[in-house]
Structures are given as C-alpha cells and as structure tokens.
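Please read the structure below before turning to the comments.
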Amino acid sequence: MTSASVSLASLHTIGTVKGPGENGNQYVFITADNRHVKIGEFVYYETKVEAANGQNPTLQILGKISARSLIDHLPDRIFADTEISPEAIAALVGFVHPNPEIYEVTVDVIGHFHRSLGFMNPRKAPDPGAKVYLASDVGLRQVISKKQPGDIGSAFIGSLLLRDPEAVPVALDVKELVSTHMAILAGTGSGKSYTAGVLVEELLSPHNRAAVLIFDPHGEYGTLSEMRGHPAFADADGYAPKVQVLAPEDIRIRISSLDYYDILMLLPEMSDRQQSILSKGFALLKARRQKDARWGVNDLIEAVYDADRTEDEDGNEKIGSSAPALAWKLEKLARSPYFHAYDHLAPGDLFEPGQVTILQMNEISQEEQQVICAAVLRQANLARMNTQKEIITVGDENYLPYPVFILIEEAHRFAPAHEPSRCKMILRTILSEGRKFGLGVGLITQRPGKLDSDVLSQCMSQFIMRIVNPVDQDSLKYGVEAAGRDLLKELPALTKGQVIIAGACVNTPVLCQVRQRRTVHGGETLNAPQMWQDHFQAHRVRSRQIEQAPVLGQTRPRTIRGLSIE
C-alpha cells in the first residue's frame, strides 16, 4: 500500500473470484456467506500493479455488490417437509458446512482510492481464485465521504445502512452539494422533508454557516426556529444561527420586479386583444421608467389607457374597450396582500450567512406562489451576477457578496414536466449557469416523473428515497445516472429514513440511514385515530359537565343539535 492509499483491510474473507461479469467493469465470486452478500455492500480484492519506480505495490480494489443468485442448495423436497430439519439431513449425507447454500455474487468495480485523486479504476480484473474481502468500517469511513463529520464544508447526514448503526458515518461535501445543485426524490411519507431538515441543520451548523432560503408551500419548516439558542448549533466565537420565518402576510413583492408574463398569470382570463394592450402598456411603462424602475399598479393602468388610445378621422382621441376592462382587473391585483408598489423582500433581506429564511406559502394560491417564486429566483440570480461582476456595490438592496442556497419544496409544482410555468425557465437558467455565480438550488419532490427532465438532469447530487410508482421509478433511470441501476432496484424496499445518496457530494453512491434531527419535524403525518379518541373523550367530559350543571335546582337535559333528550 502506498502512503497516499487508504487501507480497506479486513480479516473477513467472504468468497473466491470465479471470473469476469457481463461487462468489463464487473466480476463474479462464489460464497456461502449469505449474511454479508447484500445488494449495495462494499467488498474488495487485492492486485499488484507495475509502478514507474520498479516496485509492485498491492492495491485494494473496492467494489459494490450489485446482484446475487442461489446456485446450489439442498434438494427442494427437504425444505417442503416442515417436520424435517435441513441441517440434520445435510449432516446425514455428509455435508458438514454450516451453510449448505452457495451463491454467485456480481460486483461492480469502483476502483482503488487515492487520497488526492479519489477513486481510480485500474481496469485489471481479478484472477480466478483470488480472495474477496469485506471492506472494513475504518476504511469505508475514509473513502465513502469526501469530508469527515465536523470538517468545514461537511454535512453529517447519517450512517451507512448496511453496517452497524453509526459504524460508518456519511458526511457530504457541502461545496459540491450547493454549487452543483441537488434533488431529494421520494414518495409520500418516505421522509424527504425530514431529510431536508437534517440538511438545513447541517448547513446552519458552526462549520458551515450557510445563507439559505426555503420555499415552503405547506408550512412544514417553521420548526427549524428551534435552532435559535440550541446548544448543538452554538460556537465559542458567539455564533448562533438566525431563523427568519415569514408567514404569508409577511411576504411582500414589488410590482415593478415582475415581468409581463408574471402579471399576465396574476390576472383573470383575458382576450387576445386585452393581452395585446397589456403588452403594449407594459412596454410603454418600462420605456418611461428607465431611470426610476419602481412603479405601481396605477402607473401600469395609465400606460394601458395610453396603449388603447386611438384617434378618429377628425383627430378626436378615443379609448378602446380593452383599457377599462384591464383597469378593473389590475385594480384587483392592487388589492393583493402580496404585491406592492414599494414594499419588497430584497435579496439582502432574505439572505445572510448563518441565516435560514423560510417563505411559508401555505395560504397562497398556486398562481401567486408561481409568481412569487419566479420573482425571488430571478432577483437572487441577478443579484449574484451583478455583485460578482461588480456592477452593484455595498448599499444596493440587491448587493449579495456571498454564495446562497435555495431549497424548493414540491418542486414539481414550480417546474412541471409538460405544463407552462413561470419558474421553469428561470430554474433552467440558474441550474445551468448558477454554479459560476454561487447560486445553488435544491429541489424536493414526491413525483419525479412530473418534474421537468431538463431541471432534474442538472441536479448533480441526488437523494433518492422509497418510490413505488413505476412512472416515477422509470424517470430516475434517465434523470439520475449517478445512482446506478443496482441501487435503484432497492427503491421499493427502502423504509422511512433510508436514502440512496449519489452524485458529486459523495465519492460513490451509498445506502444511508438518515440521522435523527435535532429540531422537531414539522411534517409528521397526523395520527387520525388518536385525535378521534381525544376528541371523543373531551366531548364526553363536556357533556357530563353540562348534564350536571344546575338549572333552577334541576338537572339540565342533554341536547343534540337543539333536540332535548330526557
């Protein structure tokens, strides 16, 4: 082993190489060890390579079990009779091995791990007869995670699923996670919001202190406020995370930050002529306000009237019928609690290192959610670009001199696969260009099949949890290449809190058990039977109190919806 290598050494030999697999990156070994040959388990073989200095170092080539099949066992008739012990029959026929079953196991080669270069595949298949070993916990701690728990830029998400609890911690590389974007894909009740909460806790820990924004359509992330004053998030230098929870009534978007299509989405159904007049009016207003970019609904109404103004043959001005109709619709927009002429949530209000801002949108209509999300994403993108290019400086409300990370829950609503969306185009832009400007995005969805494929394919880190829907499973095969087909087969068998992590944030795809949150989870499923029981008991107590209350010296009769029951 070279000094740059990490030792996977284990005393546990589990099998013997039979030969190559179906492709050049696989090999097959034979084993009677049914306990350790699980899909996703890590094993290795040893091989010697020729080095330039004339030495022949021994390398440990890590691999992952991708398939297994039973190839030899006792006759089926023995197992069919429940009164007969298979072990006793095996002993009678002279079979003394403790496990009479023989398995053929397929391994996908990952490679030899180098501390500086990561995994390198020597493309040298193991010789038939070579021993296969179970990789040690100590070695896996070093090679699975790019960072170690507690390091600056690490996120301790949980432990390797197939090993003893906490034996092999899994720590993500936050730099890769937030710069190359990520997606959490899971069915309902699999723990996707819980996992997202763990990630946010890690991002706000003292060794990260990230600037995070969460779009929260269901109001599930408010419990992250428990990080305030929590000893697990405090540091000796006085650091403590800030949690800014903005309820729907606190959300303010400046009208002038919207584009024409944003406004079109917010207005009731309109005729083609009304859309044309609105477009002309919007263009007129933008031309007039080049120096003063801030304007309100009344300014747009005035521009709409100008756009619908014509002259007859005698030179008399005439207002068309579209302008008054548009003015009525725009006046309704002016009464919206979320869109204002001057009040605004600027990037400087939403982002700050060591702060998570949660936009709770559970009482806001789908159309308004789309526009709010599009406006915030667009402005954050411009803020990072213009700050990076030194177009804006300190004092500007859009000045954003540090990277930021935006987490979008129910992402399939904001970037649907086959429907128009105000957020989809800006999300595509951010996902393709945001890396160089320090704007990262995390998408969370329970329906990956309904999420735009271009958007999903640009998330370079994936967290995949239990998914049963065949359409959603198929979408992952093409949109999530890094996970590998072998681990995707495990999706239906995963239980709550178990996740496949793949992509840029880890050295190799892993099966992980998510750690316990330090704050309370806000998205727990309601316990309907218990709530029914509690309500029934409380109702009985109230009924008895009413029955026993004296009325003119007599017992008050029980009533049901006004009907007296003697």
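The values are calculated or read from the model by the stated rules, or taken from the named source; none is laboratory data. Values in this document were obtained by computation on a predicted structure and should not be read as measured data. Cβ sites come from the backbone with ideal geometry, for glycine too, and all protein chains shown count toward neighbours. With ligands, DNA and RNA removed, areas are computed over all heavy atoms of the protein, side chains included. Shrake-Rupley method; radii C 1.70, N 1.55, O 1.52, S 1.80 Å.
What the table below lists for this structure:
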| quantity | calculated |
| --- | --- |
| Placed amide H near residue 254: partners under 5 Å, 5+ positions off or other chain | 340, 345 |
| Peptide ranges 338-344, 449-455 listed from the most packed, as the mean C-beta count within 10 angstrom indicates | 449-455, 338-344 |
| Distance between modelled label sites at residue 30 and residue 293, nm, 7 Å Cα→Cβ extension | 7.2 nm |
| When each of 146/436; 64/489; 38/64; 280/329; 192/450 is checked by Cα-Cα distance, pairs over 18 Å | 146/436 |
| With 10 Å bins from 0: P(r) over region 179-237, alpha-carbon pairs, percent | 18, 52, 26, 4, 0 |
| Low-density loop positions, GluC sites (Glu not before Pro), region 225-301 - DSSP coil, at most 10 other Cβ in 10 Å | 269 |
| With Cα atoms, 0 to 90° folded angle of helix 366-388 axis to the chain main axis | 80 degrees |
| The chain - accessible surface per residue (Å², probe 1.4 Å) | 50 Å² |
| Share, in percent, of DSSP beta bridges within the chain that are antiparallel, nearest 5 | 65 percent |
| Rough spin-label spacing in nm, given labels placed 7 Å along Cα→Cβ, for residue 428 and residue 328 | 3.7 nm |
| Contact order normalised by residue count of the chain, Cα under 8 Å, 6+ apart, percent | 17 percent |
| Segment residue 537-residue 314, length gained on full extension (0.36 nm per residue, minus Cα span) | 72.1 nm |
| Expected 222 nm ellipticity per residue - DSSP helices of 4 or more, -39500 (n - 2.57), all of the chain, to 500 | -9000 deg cm²/dmol |
| Pair residue 335, residue 151: separation of 7 Å Cα→Cβ label points (nm) | 5.8 nm |
| Nearest-ten-degree value, helix 297-307 long axis tilted from longest Cα axis of the chain | 70 degrees |
| Distance between region 384-415 and region 195-228 - C-alpha centres, whole angstrom | 18 Å |
| Region 148-165 and region 256-319: distance between their alpha carbon centers, rounded to Å | 55 Å |
| Cut-off under 5 Å, modelled amide H: who pairs with residue 132 long-range | 14, 15, 16, 17 |
| Listed peptides 9-20, 164-175 by packing density, highest first (mean Cβ within 10 Å) | 164-175, 9-20 |
| Cα-only Debye scattering, region 104-192: base-10 log of I(q)/I(0) at q = 0.17, 0.20 Å⁻¹ | -0.97, -1.18 |
| Mean separation of Cα contacts under 8 Å (6+ apart) over length of region 374-446, as relative contact order % | 39 percent |
| Cα long-axis angle, helix 272-288 against the chain (0 to 90 degrees, to the nearest 10) | 80 degrees |
| Share of carbon and sulfur in the accessible heavy-atom surface of the chain [1.4 Å probe, %] | 51 percent |
| Equivalent ellipsoid dimensions for the chain as semi-axes, Å, which come from the Cα gyration tensor, largest first | 55, 36, 24 |
